[in-house]
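Following: one structure in structure tokens, then a few remarks.
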Protein chains: 2
Amino acid sequence: MRLVFSLIAYSLAPLASHFSIVIFLILRGLEMDSATLQEEIESFFESAPPLKDSAKITDKLNQFIQFDSPSLGKGRRVVCVTSGGTTVPLEQRCVRYIDNFSSGHRGAASTEYFIKAGYKVIFLYRRGTCQPYCSSLPEDPLLECFEVADDSGFQVRQSHSEAVKGGIRNHHAAVAGGLLLKLPFTTIFEYLQMLRIIASSMRSLERHAMFYLAAAVSDFYVPWKSMAEHKIQSASGPLNMRLMQVPKMLSVLRTNWTPMAFCVSFKLETDTKILLEKANMALKKYKMHSVVANELLTRKEEVTVVTGNGNISVRRDKTRPGSEVEDPLVELLVNKHSTYIKDASLSK
Amino acid sequence: MRLVFSLIAYSLAPLASHFSIVIFLILRGLEMDSATLQEEIESFFESAPPLKDSAKITDKLNQFIQFDSPSLGKGRRVVCVTSGGTTVPLEQRCVRYIDNFSSGHRGAASTEYFIKAGYKVIFLYRRGTCQPYCSSLPEDPLLECFEVADDSGFQVRQSHSEAVKGGIRNHHAAVAGGLLLKLPFTTIFEYLQMLRIIASSMRSLERHAMFYLAAAVSDFYVPWKSMAEHKIQSASGPLNMRLMQVPKMLSVLRTNWTPMAFCVSFKLETDTKILLEKANMALKKYKMHSVVANELLTRKEEVTVVTGNGNISVRRDKTRPGSEVEDPLVELLVNKHSTYIKDASLSK
């Protein structure tokens, strides 16, 4: 299915003291076959501003995936956790953009549980969002967790002492130990270009690779080349802008980029009535192994894992203070991933 | 002048395997007198979700403005510095929103220079943006500035040691000394409601009050009551949304809320050709005392202060490493504010 979103905006010249601006946002949907999807994807990547440091990122990824201390043995599993929302710039010299709300808490917390379960994690996150081992800290940890000490230095506040020490220690240990690779993005262009590079680096891991796609990805974008160079003036003459639907990379990731990887995507809705239906649709359409369905208001308490064999409800253990729904969620998905790896050995 | 932005979006039901969605974004502009502006402002505040903790904020403000150690004397000047961008939620249970890019560096750095010049600063800032005394620190200071120490604790890295110590010390000293009050916002609704409360608290300061409006404020908004409750489905039946222009609060702030305060607004453009013209227009239309014109790419090097007596170009002192354009900018505006206060005494 092909969707072409076109935003055609034009203003009528001021007439006396009145003026009118009419913007038509036209979204046209046409049937699309896989050849067309491929074309749309190529067109997306061609239209994107070149990713900075792409060679460096590839090097980092290859080193990270290949590095393994001898004691850990071969066949270490690697998961790519995506986290936070992508932005859609509306101007090349970007002042305004459309953003998707996501604190990144799900991705950051899940990363900790994957590392605990023995995975190496590639953490593809939105700049400024929640970081692994730091998700329980206040918004501005430097100013909120530290206080001035007597010797004109500073010290960590008693109330945050354990959280800060644990956060810094565990975070640095995971990075230094080759268990955590952090790659930041801001725009939808950076996100999808980096996801493609990561997928390409993980391809050789075959069934030991997993994608845990918790990022909130934009639905449509303005192609870089047709984007207004300057800040859009709301009342200044003709303006033509085309908004294209972001090609559904999930299909391509699953089918072309890493056909053997275990793939989990997320579906967030605010309306419970349509949530499971939409999650099921995503499962089939993009051939995901699992889709995690979550509702905005209850997402920290429970989620539903939708699979080809039915739905599983996962809840936070309320009897344990500080427990998180990501703990049983990651446990369940790790088990499913284990089964997926074993199935391949059996069929050999 | 009255601008009504209407976004009327409707989808045509799928026809066979094809479907079309047509969204019309209609921006209509009509002449508006001040009575209508007043109506629009009332309608904006009525349509806004109630501000949480508004009584607490008022208390904090009154305490902050009234508090003065005896040694400092009477007539302390107070400036409200606004900083960072406001968001426009597109759904009540907010998943998607339009955002304005702003790191908050200008507001954070300027706050330091205002405090140095003897002002008390009300810092109205976007959550997560740059903080005073911390603007030279890396994006994620907790994880980037600290390292694990030998005794299984942690320590600040040598390279960041001075910046971190200075940042924490100066920041806490300013807050504890009653020189800095920090109030965070996220949405355009929170921002304008808080600005109104602040203006009301500062009214009694008369000419000793100053507004330094560096925040990047959204141009239009979706009234809360007409906002979609749930996440917008791009292809699911009729959808009607109205986008209204955010009323120009600058006029009302200047004329009604705090008629005696010294007001400085900011104009950011990416196109130098129209920048000064637009800044001049803002100066006259909103009766500002000064408008700071800045261009996106050069904004850290130079700005132009547009006043009724002509334009003044302000540049960073390149001979001093680490110097900031906010240093001479604030110096200039403090001098203008002094003249403004003196003028009143002379005319008595």
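The values are calculated or read from the model by the stated rules, or taken from the named source; none is laboratory data. All of these numbers come straight from a predicted model, not from anything done at the bench. When we count neighbours, we look across all protein chains shown, and the Cβ atoms used for this are built from the backbone with ideal geometry, even at glycine.
Condition check ((1) within 20 Å of the chain's Cα centre (by Cα); (2) over 27 Å from residue A:66 (Cβ atoms); (3) without any contact (Cβ under 8 Å) to a residue 40 or more places away in the chain) across all residues:
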{"position": "A:117", "(1), (2), (3)": "no, no, no"}
{"position": "A:125", "(1), (2), (3)": "yes, no, no"}
{"position": "A:134", "(1), (2), (3)": "yes, yes, yes"}
{"position": "A:148", "(1), (2), (3)": "no, yes, yes"}
{"position": "A:162", "(1), (2), (3)": "no, yes, yes"}
- Determine, yes or no, whether residue A:234 is touching a Lys or Arg at 6+ places or on another chain (Cβ under 9 Å) and modelled with pLDDT under 95. no
- Restricting the range B:188-222 to residues that are part of a loop (DSSP other than H, G, I, E, B) and modelled with pLDDT under 95, the residue that is farthest from the other protein chains (Cβ to nearest Cβ): B:222
- Given the conditions (1) farther than 22 Å from residue B:262 by Cβ; (2) crowded, with 18+ Cβ neighbours inside 10 Å, every one holds for residue B:315 apart from (2)
- Can you name every residue in the range B:144-162 that is out of contact with any Cys (no Cβ under 8 Å at 6 or more places or on another chain), in a helix (DSSP H, G or I) and buried (at least 16 other Cβ atoms within 10 Å of the Cβ)? B:145
- Message: Criterion first (away from chain A (no Cβ under 14 Å), assigned to a helix (DSSP H, G or I) and within 25 Å of residue B:65 (Cα to Cα)) does residue B:169 satisfy it?
- Response: no
- Going by the conditions given, is residue A:182 crowded, with 16+ Cβ neighbours inside 10 Å, closer than 16 Å to residue A:112 by Cα and either in contact (Cβ under 8 Å) with a residue 40 or more places away in the chain or in contact with a Lys or Arg (Cβ under 9 Å, 6 or more places away or on another chain) (or both)? yes
- Item | Odd one out for residue B:268, checked against (1) surrounded by 14 or more Cβ atoms within 10 Å (Cβ to Cβ); (2) outside any strand (DSSP E or B); (3) not β-branched (Val, Ile, Thr) | (2)
- Message: Being buried (at least 16 other Cβ atoms within 10 Å of the Cβ) and of a type in the set (Asp, Glu): is that true of residue A:190 here?
- Response: yes
- Query: Within the range B:126-136, can you find the residues that are more than 10 Å from chain A (Cβ to nearest Cβ) and crowded, with 24+ Cβ neighbours inside 10 Å?
  - Reply: B:126
- Specify the residue that is surrounded by the most Cβ atoms within 10 Å (Cβ to Cβ); the eligible residues are those in the range B:325-348 that are modelled with pLDDT of 95 or more and of a type in the set (D, E, K, R). B:326
- Go through the range B:136-146 residue by residue and tally those that are in contact (Cβ under 8 Å) with a residue 60 or more places away in the chain and aliphatic (A, V, I, L, M). 0
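To keep it simple, each residue is scored yes or no on (1) assigned to a loop (DSSP other than H, G, I, E, B); (2) of a type outside the set (Phe, Trp, Tyr); (3) modelled with pLDDT under 95.
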site	(1), (2), (3)
A:283	no, yes, no
A:288	yes, yes, no
A:291	no, yes, no
A:300	yes, yes, yes
A:305	no, yes, no
A:311	no, yes, no
A:314	no, yes, no
A:321	yes, yes, yes
- Conditions (1) in a loop (DSSP other than H, G, I, E, B); (2) modelled with pLDDT of 85 or more; (3) touching a strand residue (DSSP E or B) at 6+ places or on another chain (Cβ under 9 Å); (4) within 10 Å of chain A (Cβ to nearest Cβ) -> residue B:139 fails only (2)
- Note on the structure: All conditions in (1) in a helix (DSSP H, G or I); (2) touching a residue at least 40 places away in the same chain (Cβ under 8 Å) are true of residue A:75 except (1)
- Query: If you scan the range B:96-137, which residues turn out to be in contact with a Gly (Cβ under 9 Å, 6 or more places away or on another chain), aromatic (Phe, Trp, Tyr) and over 16 Å from residue A:127 (Cβ atoms)?
  - Reply: B:123, B:125, B:133
- Sort out which residues of the range A:98-115 are within 11 Å of another protein chain (Cβ to nearest Cβ), more than 27 Å from residue B:171 (Cα to Cα) and without any contact (Cβ under 8 Å) to a residue 40 or more places away in the chain, and write them in order of number. A:99
